[in-house]
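Notes for the one structure printed next.
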Protein chains: 2
Amino acid sequence: MVSTVVEDYLKAIYKLQATTRPVPTSALAERMGVTAPSVTSMIGRLSDLGFVHHDRYRGAELTAIGERAALEVIRHHRLWELYLSEALRVPLDQVHQEAERLEHDLSDELEDRIDDALGHPSLDPHGDPIPTREGQVAEADARALCDLAPGTEAVVTRVPDSDAALLRYLGELGLLPGQRVKVAELAPFGGTIFVETGGGRQALSEGLARRILVSE
Amino acid sequence: MVSTVVEDYLKAIYKLQATTRPVPTSALAERMGVTAPSVTSMIGRLSDLGFVHHDRYRGAELTAIGERAALEVIRHHRLWELYLSEALRVPLDQVHQEAERLEHDLSDELEDRIDDALGHPSLDPHGDPIPTREGQVAEADARALCDLAPGTEAVVTRVPDSDAALLRYLGELGLLPGQRVKVAELAPFGGTIFVETGGGRQALSEGLARRILVSE
DNA sequence: ACAATAATTTAGGCTTATCTAATTCCAGAA
DNA sequence: TTCTGGAATTAGATAAGCCTAAATTATTGT
């Protein structure tokens, strides 16, 4: 059984790979909140364990085994998130933080019981896909709120998961998963989008609107 | 925040204090599954942290602060046990093991939510008292099954928590908390007790009957 | 092609928690 | 009161993760 620290590194590498591949030492150091030398040494260990391939001075990439291990941690995390949200009514802005600790302590038996209790869900409360026990991830092809034409109506399907303050703000705006939204207009010269939600007319930056995924 | 290892030591010392006080190094080593020198060194750290008083060559005793910390871990453990048992239907013989990992990852908020969801319970599924948030333990004055006179009827209130095989056995006998039991007879010359349970007539050793607490 | 800069790795050290081997202490027997 | 066997402690080592400071490498601008 790998340590919780190793699990956290694997998860971080998996997420960063969506952006850059291989993942540079500095990117991993930043995400993990440690110094670059710490990352170099950990990459060496992960490489010894067969979880990553290290391309010296270029970065690290998960092996098939490493990706599988990362997906198991992510599955645990997202199952806990949904469970805490549904069964214990933990507010959406707090579930990530709680799950961050619990994800390392989920036996196969308990995983199954939680999965059963939730009816084998495919999405966590932020709209992120829950990998299957076999490590399959169903990435929905959603579009970003900022890409909708004015006048379009849609439903929010996915929001960033780890920034509690942002999630509270999105809650105030009425832009959490499941909530309806209509693009009212785009401000001239770009940069700002006006939308109508259950909470009324809201202005938000294009940058933020890009991180909110919707389906029509 | 103390490490999970420190939490485990505090809990172990608390439990051993019920038998011997102060707790000898060897007893703690045995319970923690480590060598005596490891315990000596850990006791030094616990002493530095103000959790125990170390009487050199005699053993360790929890300070008020240490006892408080131990009770918090035990509260977490027992709340998780009851929650897993009630909400997720985890079998009684497994809840201890699961809670052993989860007890170290329970934020105050989640603790409150679980406590609320369970209706502020006072006993875990093995019948062990759940300390209050303030560190109060309500030790019920129960009697042991082996101390009942033949013919007496009672209800099982408390059983050992950590031996899964024993708990499965007690389940087969019909001697889990909440189940009714009647002492049928004592075998001549002692050592064995015959009881009637929902599952019929059962024989059990005096040693085992001493670890099963009942109320009439 | 080469020098400057930025990223990465190496070197060496610290803390926590463990171990084995060696030593010291205590309590009970003679 | 002294001896002795078992318990406890000290000494020294290891592994995981982290750090700072120094050295190295890759890249980029000229």
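The values are calculated or read from the model by the stated rules, or taken from the named source; none is laboratory data. Predicted, not measured: the structure shown is a model, and the values here were computed from it. Positions of Cβ are generated from backbone atoms using ideal geometry, with glycine treated the same way; all protein chains shown enter the neighbour counts.
Where helices (runs of 4 or more DSSP H) sit wholly within segment A:28-116, those with at least 2 residues that are in contact with a strand residue (DSSP E or B) (Cβ under 9 Å, 6 or more places away or on another chain) occupy A:36-48, A:64-87. Of all residues in segment B:108-121, those being surrounded by 14 or more Cβ atoms within 10 Å (Cβ to Cβ) and either away from chain A (no Cβ under 14 Å) or not acidic (Asp, Glu) (or both) number 6.
Checked against the criterion of being closer than 20 Å to A:ARG68 by Cα, in contact (Cβ under 8 Å) with a residue 12 or more places away in the chain and either of a type outside the set (S, T, N, Q) or more than 10 Å from DNA strand C (Cβ to nearest atom) (or both), the candidates A:ARG21, A:ARG31 yield just one match: A:ARG21.
The condition of being in contact (Cβ under 8 Å) with a residue 40 or more places away in the chain and either under 28 Å from A:TYR83 (Cβ atoms) or of a type in the set (Asp, Glu) (or both) holds for only one of B:LEU79, B:LEU62, that being B:LEU79. Per the listing A:LEU49, A:LEU102, A:LEU84, the residue uniquely in contact with a Phe, Trp or Tyr (Cβ under 8 Å, 6 or more places away or on another chain) and modelled with pLDDT of 95 or more is A:LEU102. Only one entry in A:ARG68, A:ARG101, A:ARG89 is surrounded by fewer than 21 Cβ atoms within 10 Å (Cβ to Cβ), more than 15 Å from DNA strand D (Cβ to nearest atom) and within 14 Å of chain B (Cβ to nearest Cβ), namely A:ARG89.
Scanning segment A:1-36 for residues that are near DNA strand D (Cβ under 10 Å from one of its atoms), closer than 21 Å to A:ARG101 by Cβ and not hydrophobic (A, V, I, L, M, F, W, C) yields A:SER3, A:THR4, A:GLU7, A:ASP8, A:TYR9, A:GLY33. Filtered by the rule that a residue be over 20 Å from B:ARG68 (Cα atoms), surrounded by 14 or more Cβ atoms within 10 Å (Cβ to Cβ) and either more than 12 Å from DNA strand D (Cβ to nearest atom) or not β-branched (Val, Ile, Thr) (or both), segment B:37-58 gives a lone residue, B:SER38. If you go through segment B:10-27 and pick out every residue that is more than 21 Å from B:ARG75 (Cβ to Cβ) and either assigned to a helix (DSSP H, G or I) or more than 24 Å from the chain's Cα centre (by Cα) (or both), you end up with 3.
Evaluating A:HIS76 against the criteria (1) out of contact with any Lys or Arg (no Cβ under 6 Å at 6 or more places or on another chain); (2) more than 10 Å from chain B (Cβ to nearest Cβ); (3) surrounded by fewer than 22 Cβ atoms within 10 Å (Cβ to Cβ) leaves one unmet condition, (3).
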